[in-house]
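One structure is given below, represented as structure tokens, and several questions about it will come after.
The values are calculated or read from the model by the stated rules, or taken from the named source; none is laboratory data. These numbers were taken from a predicted model, which means no experiment stands behind them. For neighbour counting, all protein chains shown are included, and Cβ atoms are generated from backbone atoms with ideal geometry for every residue, glycine included. Protein only, heavy atoms only, side chains kept; ligands, DNA and RNA dropped before computing areas. Shrake-Rupley method; radii C 1.70, N 1.55, O 1.52, S 1.80 Å.
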Amino acid sequence: MSLKNQPNQPSENNVYETERLILRPMSLEDGEFIFELYNRPKFIQYIGDRHLKTISDAENYIKNRFLPQIERLGFGNYLVVTKDKNEKIGGVGIFEREGLDIVDIGFSLLEEFEGKGYAYEAAQKVKSIGMDDFGLKKISAITSKDNFSSQKLIEKLGLKFKNHVTLPNEDEELMYYETE
């Protein structure tokens, strides 16, 4: 799934906008926000415990997990910021995941910003970035069986349920979706 030879590949510094949001690649300065988001009970319940015990752990997670993919592929995890108040509200991205052949779209918001359409707006933009700007032919998504709001959003993005998967070194069976 190498895109290195693809012409007109957007640079890693690209910032994208939607009607209400700004999406920019995650950076080390987002360590405090990632620490907060990734330690929220809903994040741990539905996405998983990333074992980030300090802000330094979060910065290292960004440095070792997010930045290498953006450098290698040109896309990855984006910080979601509101245009009106410049508030950091979540993350959205397209990720390479061990155990999946097709890159995976993922999203998470602070609970206080859920239910306002932000996750869909951000995920729709990232899907467009992946498919239109980077020429991805397919995008997948995974979610837990009890995360009904994510299932609804994934289906609203146009992905269809295909089967159940269990990722390497994990126990939970997840719902797997793909674009047609």
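Per Stokes-Einstein, at 25 °C and 0.890 mPa s, what whole-number D in µm² s⁻¹ belongs to region 97-180, with the Kirkwood radius over Cα pairs as the hydrodynamic radius? Spell out each step's value before the answer.
Numbers: Rh = 13.4 Å.
So the translational diffusion coefficient is about 184 µm²/s.
Let me ask another. Evaluate the relative contact order of region 72-117 (contact order divided by residue number), counting alpha-carbon pairs under 8 angstrom at least 6 apart; express in whole percent. Don't skip to the answer; put the middle values down first.
Numbers: 59 pairs, mean separation 12.9, N = 46.
This gives 28 percent for region 72-117.
How long is the gain from residue 24 to residue 86 if the chain were fully straight, where each residue apart is worth 0.36 nm and the alpha carbon distance is subtracted?
Values: separation 62, 0.36 × 62 = 22.32 nm, distance 1.22 nm.
Difference between extended and current length: 21.1 nm.
Using 1/(1 + (r/R0)^6) with R0 = 22 angstrom and r between the beta carbons of residue 101 and residue 180, what's the FRET efficiency to the nearest 0.05? The partial results should precede the final answer.
Numbers: r = 16 Å, r/R0 = 0.73.
That pair, residue 101 with residue 180, gives E of 0.85.
How charged is the neighbourhood of residue 32? Take every other residue with its Cβ under 11 Å from the Cβ of residue 32, and add Lys/Arg as +1 and Asp/Glu as -1.
Values: positive: 88; negative: 29, 30, 36, 59.
In short, -3.
Do the sum for the chain: with -39,500 (n - 2.57) for every DSSP H run of n ≥ 4, divided by all residues, what is the mean residue ellipticity at 222 nm, to the nearest 500 deg cm²/dmol?
-7000 deg cm²/dmol
Now, a different point. Accessible area per residue for region 34-174 in Å², computed with a 1.4 Å probe and the full protein assembly in place, what is it? If you can, show how the numbers build up before the last one.
Details: 7130 Å² over 141 residues.
Ligands and nucleic acids excluded, the result is 51 Å² per residue.
Any chance you could run the full-extension gain for residue 138 through residue 65? It's 0.36 nm times the residue separation minus the Cα-Cα distance, nm to one decimal. Before the final figure, lay out the partial values.
Details: separation 73, 0.36 × 73 = 26.28 nm, distance 2.20 nm.
Value of the extension gain: 24.1 nm.
At 1.4 Å probe size, with the rest of the protein present, what percent of the exposed accessible area of region 8-88 is carbon and sulfur atoms? Show your work: numbers first, answer last.
Numbers: 2010 of 4440 Å².
The computed percentage sits at 45.
How large is ³J(HN,Hα), in whole Hz, for each residue of region 142-151 in order, when computed from phi with the Karplus curve 6.51 cos²θ - 1.76 cosθ + 1.60 and θ = phi - 60°, using x for Gly and Pro?
10, 7, 6, 5, 9, 9, 5, 5, 5, 4
Treating only the Cα positions of the chain as identical point scatterers, give the base-10 log of I(q)/I(0) from the Debye formula at each q in 0.12, 0.13, 0.17 Å⁻¹.
Values, matching the q order: -0.53, -0.63, -1.16.
Across region 100-180, how many lysine pairs separated by 8 or more positions, or lying on different chains, have Cα atoms within less than 20 Å?
27
Taking Cα pairs under 8 Å and at least six residues apart, what relative contact order does the chain come out at, in percent? Intermediate values should be presented prior to the final figure.
On the way: 299 pairs, mean separation 32.7, N = 180.
Normalised by residue count, the contact order of the chain is 18 percent.
When every alpha-carbon pair in region 29-107 is counted, what percent end up more than 22 Å apart? Walk me through the numbers on the way to the answer.
Details: 709 of 3081 pairs.
Value for region 29-107 (Cα pairs over 22 Å): 23 percent.
Related question: Find the Cα radius of gyration of region 83-126, compare it with 2.2 N^0.38 Å by division, and give the number to two decimals. It would help to have the intermediate numbers written out before the result.
On the way: Rg = 12.2 Å, N = 44, 2.2 N^0.38 = 9.3 Å.
Ratio of Cα Rg to 2.2 N^0.38 Å: 1.31.
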